[in-house]
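Asker: Dropping a structure here in structure tokens format, bear with me for questions.
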Amino acid sequence: MRLPTDVEDYHPHMECIDSSVMDTVLRLTEELDPSSFTVADARRALSKDALSPEDFAALLSPAADSALEEMAQRARSETRKHFGNSVMMFTPIYTSNWCGNRCAYCTFNAGNRIARAKLSEEEVDAEMRNIAATGLTEILILTGESREKSGVDYIGMCVKTATKYFRSIGIEVYPLNHDEYRYLRDCGADYVTVFQETYDPERYGELHLGGPKRVFSYRFNAQERALMGGMRGVAFGALLGLRDDFRKDALACGLHAYYLQRKYPHAEISMSLPRLRPCLTHASDTNPVHERQLLQVAMAYRLFLPFAGITISTREVGKFRDNIVQICATKISADSHVGIGGRAEEEKGDEQFEVSDARTVLEVKKALEKNGMQPVFNDYVRT
Ligand code: SF4
């Protein structure tokens, strides 16, 4: 089968679910143009207890830039109300950089001649043991996106190894079917992150030149399949800067989370804020997103999705990260290595992008405390 959003048919292994979330999100994104709202619309949205999709679009508008200080005050108080001053800390581990996709903006693109590597079970164990020695109890496992090189069994091995050292385990891997997510949940995984990259199907087709990722709708429904498979939480992200108007992608991403939260009220929802960073190769027609705009998106997410976690990664510089956790972000990575390995032995395999904040876990923890925040290594008890 092929939906209007897909540039190619579903591959034989891909599960098709019956869901109307994608149609709703894409229709509303088409109807709501952030550039059509005024600063008065943004202020009206800020006066409400619960925001509608229209209010969310108003807060994402260029006009809302004039109300940024009010947004910050409201976002800070909303964050304090639901999360106190706590900030979750975690680190990513890349266990493989093999990838079967050809994304025009990524170093791991299957067509790039980079050093490829994949950690063995012993190496995964050694890396995780070293990470756990920093005190962290939450980890995010990334494998690149290759079913052939990093099969579901391999991901399961990584997750099972992680259960020896960590209390909360996330996976950021290629989209899976709901029974595969169930298997990985049974191995010990808690949450699933999938970035849609861009929610504009046409732009999506231009940037994803080969591989299973070309099937837009299969990727879009990954979080829902993960929840059907019993995962506790799901995370969303658009890679801001891929589309001519990043506000539309932020709008679609927030709506995606919003409608899934309504359909699965028990799900823990998180938002990520990746924006394009320098890497080995790049699509030349990308649109830079500035820090102030990134902050506006994060605050709009907070006000539209008051209970959602918001993650800020080491793609951003330390000063920005230190500030945003005082306003609306609730989760921060530290000591990130975006090559393969590097904690126990020498890093092998090329890196996905440049890290901007290279501080250690201890340094990030101290910075949080200095700013009156409470670093939290774990808030979840596994039963
Ligand atoms: S963005 Fe993800 S899927 Fe695309 S080439 Fe990079 S690692 Fe592979």
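Bear in mind these aren't lab numbers, they're just calculated from the coordinates by the rules spelled out. Predicted, not measured: the structure shown is a model, and the values here were computed from it. Every residue, glycine as well, gets a Cβ built from its backbone with ideal geometry; the counts of neighbours run over all protein chains shown.
Asker: Rank Leu251, Val215, Phe166 by how far each Cα sits towards the positive end of the charge dipole of the chain (+1 on Lys, Arg Cβ; -1 on Asp, Glu Cβ) and give me just the farthest.
Answerer: Phe166
Asker: Suppose R0 equals 41 Å; then what is the FRET efficiency for Thr38 and Glu8 from their Cβ-Cβ distance, rounded to the nearest 0.05?
Answerer: 0.50
Asker: So if the hydrodynamic radius of segment 114-236 is defined as the Kirkwood radius over C-alpha pairs, what does Stokes-Einstein give as its diffusion coefficient at 20 °C and 1.002 mPa s, in µm² per second?
Answerer: Value of D from the Cα-based Kirkwood radius: 141 µm²/s.
Asker: I would also like to ask the following. Over the chain, what relative contact order in percent results from Cα pairs under 8 Å that are six or more residues apart?
Answerer: Rounded, it is 23 percent for the chain.
Asker: Sticking with this structure for a sec: Would you calculate a helix-derived [θ] at 222 nm for the chain, using -39,500 (n - 2.57) for each DSSP H run of n ≥ 4 and dividing by the full residue count, to the nearest 500?
Answerer: So the calculated ellipticity at 222 nm is -11000 deg cm²/dmol.
Asker: Quick check: residue separation of Ser52 and Glu354 times 0.36 nm, minus the Cα distance between them. What number comes out in nm?
Answerer: Contour length minus Cα-Cα distance gives 105.1 nm.
Asker: With no solvent and one equal point scatterer per Cα, compute the Debye intensity ratio I(q)/I(0) for segment 1-53 at 0.15, 0.16, 0.17, 0.20 Å⁻¹ and report its log10, rounded to two decimals.
Answerer: -0.64, -0.68, -0.72, -0.84
Asker: Would you work out the Kirkwood radius for the chain? I mean one over the mean of 1/r across all pairs of different Cα atoms, in Å.
Answerer: It is 20.9 Å.
Asker: A further question follows. At 7 Å along Cα-to-Cβ for each site, give me the label-to-label distance between Lys81 and Asp65 in nm.
Answerer: So the two model labels end up 2.9 nm from each other.
Asker: Under 23 Å from the Cα of Lys331, which lysines turn up, not counting those fewer than eight places away in the same chain?
Answerer: Hits, sequence-local ones excluded: Lys81, Lys164, Lys319, Lys365, Lys366, Lys370.
Asker: FRET efficiency for Leu362 and Lys319, Cβ-Cβ distance as r, R0 = 22 Å, nearest 0.05?
Answerer: 0.75
Asker: Starting from the Cα of Glu345, step 7 Å along the direction of its Cβ; do the same at Asp245; then give the gap between the two resulting points in nm.
Answerer: Roughly 5.1 nm, to one decimal.
Asker: Computed FRET efficiency, Cβ-Cβ of Asn371 and Glu202, R0 56 Å: what is it to the nearest 0.05?
Answerer: 0.85
Asker: Now for a separate question. Among DSSP bridges having both ends in the chain, what percentage is antiparallel? Round to the nearest 5.
Answerer: About 10 percent, rounded to the nearest 5.
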